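**Student:** First the structure, which I've put down as structure tokens, then a few questions once you've had a look.
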Amino acid sequence: MRTPRLPFPQHGLSLIELMVALVIGLLTTLVIMQVFTVFEGQKRATTGAADAQTSDNIALYLIARDLQMAGYGLLTTTNFNPYTCNPAPTWDDDNNAGTARVTFNLSPATIVDGGAGAGASDSLTVAYGSSVMAGVPNVISALVGTTATLGNAPGNNFACRVNDVALIINGTNCTVSRITGPTDIATPAVASAPPNTTSVILNDITGVGIGSYLACLGSWTETSYTVAGGNLTANGAPVVAGIVALKAQYGISATASSNTVTARVSASVAPWNAPTAAERDRIKALRVAVVARSANYERDTVSSACSSTTDPAPTGVCAWAGSADSPAPTLNRRLRPRAFARR
């Protein structure tokens, strides 16, 4: 007799087991995605904060670099005081006779208050020259046409160069001109016959006379910093992204002869919204705060509003610590993004 052959045993998954496996797989995927989402959010926050801090540092570096040069070339001597010019001189700022002359800015640094409303920022204008002689003034001993001889015999043009901006002062009357010659002080220099290194040729001699004092300022740079469209701008051109506020204050002394800062004042109050020459001499320092903000909005509030503008130890996004006599500027910003204030 033949023994019947039994079929091989069969193994597999039932529908219930398959559904349980799918549920476990979905839960595992959900946990992984949750961890990935949290990690990615922390990564964005960290990267955004780092970018904001970098933008802050770059913005302050650019402003500080110009402030260190503020007023260079505007020396004050017994017979030469640029800050007493009345009225302020005008000049051909673009070296184009066909365009209107503009007022020459004799303030090393000027703050224009932007108010305290939401998003309000101050603007800061810094002006300076580039003369290798730091704008040392020299007397005009002779004037023939537009050619001015500088200094008494043997004379010295004090490193004036062609295309330099020249400030000429006679008492309180001031003129701003450009050096157009001689060729001996051009770049490259072309010696004249006889050589001329004691005279300069001016493109404007209005109000200039013998006995006036002339200072060559070199090339004149005037840069206005402000905030627009989430960028720090210099003369209207964006230079640093992610900047949302700029605030500045003057540090003033009790008297013009003192270099000790006794108070910090905003340009929103008189007389510092339009300081006179005497008040301008009391300005000894500037204090600047720049606020940078991450482009990534946080779900929760991560930066609190400034707690006080007069507290010596405020909390939140504040320009700096203030006092009752020297309140700090108000930084009125939306705070859901991560914001940083640098001073």
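The values are calculated or read from the model by the stated rules, or taken from the named source; none is laboratory data. It should be emphasised that the depicted structure is a prediction, and the values quoted were computed from it without experimental measurement. Cβ placement follows ideal geometry from the backbone for every residue including glycine, while neighbour counts extend to all protein chains displayed.
**Student:** Please specify each residue of region 263-295 satisfying the condition of being part of a strand (DSSP E or B), touching a strand residue (DSSP E or B) at 6+ places or on another chain (Cβ under 7 Å) and not β-branched (V, I, T).
**Tutor:** If the condition is that a residue be part of a strand (DSSP E or B), touching a strand residue (DSSP E or B) at 6+ places or on another chain (Cβ under 7 Å) and not β-branched (V, I, T), then A263, R264, K284, A285, L286, R287, A289, A292, R293, S294 are the ones that fit.
**Student:** Is it true that L75 is part of a loop (DSSP other than H, G, I, E, B) and either modelled with pLDDT of 85 or more or touching a strand residue (DSSP E or B) at 6+ places or on another chain (Cβ under 6 Å) (or both)? Spell out how you get there, then give the answer.
**Tutor:** On the way: part of a loop (DSSP other than H, G, I, E, B): yes; either modelled with pLDDT of 85 or more or touching a strand residue (DSSP E or B) at 6+ places or on another chain (Cβ under 6 Å) (or both): yes.
Against the criterion (part of a loop (DSSP other than H, G, I, E, B) and either modelled with pLDDT of 85 or more or touching a strand residue (DSSP E or B) at 6+ places or on another chain (Cβ under 6 Å) (or both)), L75 qualifies.
**Student:** Among the candidates Q34, Q68, which residue alone is polar (S, T, N, Q), surrounded by fewer than 18 Cβ atoms within 10 Å (Cβ to Cβ) and within 37 Å of the chain's Cα centre (by Cα)?
**Tutor:** Answer to the selection: Q68.
**Student:** Something else: Yes or no: D51 surrounded by 12 or more Cβ atoms within 10 Å (Cβ to Cβ) and touching an Asp or Glu at 6+ places or on another chain (Cβ under 7 Å)? Give the steps one after another, and end with the answer.
**Tutor:** Values: surrounded by 12 or more Cβ atoms within 10 Å (Cβ to Cβ): yes; touching an Asp or Glu at 6+ places or on another chain (Cβ under 7 Å): no.
Taking the combined requirement at face value, the residue does not satisfy it.
One line per residue, one yes/no per condition, for (1) exposed (fewer than 14 other Cβ atoms within 10 Å of the Cβ); (2) aromatic (F, W, Y); (3) under 27 Å from V144 (Cβ atoms):
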position	(1), (2), (3)
L167	no, no, yes
N170	no, no, yes
T175	no, no, yes
N196	no, no, yes
N203	no, no, yes
G236	yes, no, no
V239	no, no, no
G242	no, no, no
T255	yes, no, no
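**Student:** Can you name every residue in region 177-194 that is loosely packed, with under 15 Cβ neighbours inside 10 Å and either closer than 27 Å to A88 by Cα or small (G, A, S) (or both)?
**Tutor:** Within region 177-194, A186, A189, A191, S192, A193 meet the criteria.
**Student:** Considering only region 82-99, how many residues are at pLDDT below 90, within 19 Å of N203 (Cα to Cα) and in a loop (DSSP other than H, G, I, E, B)?
**Tutor:** 9
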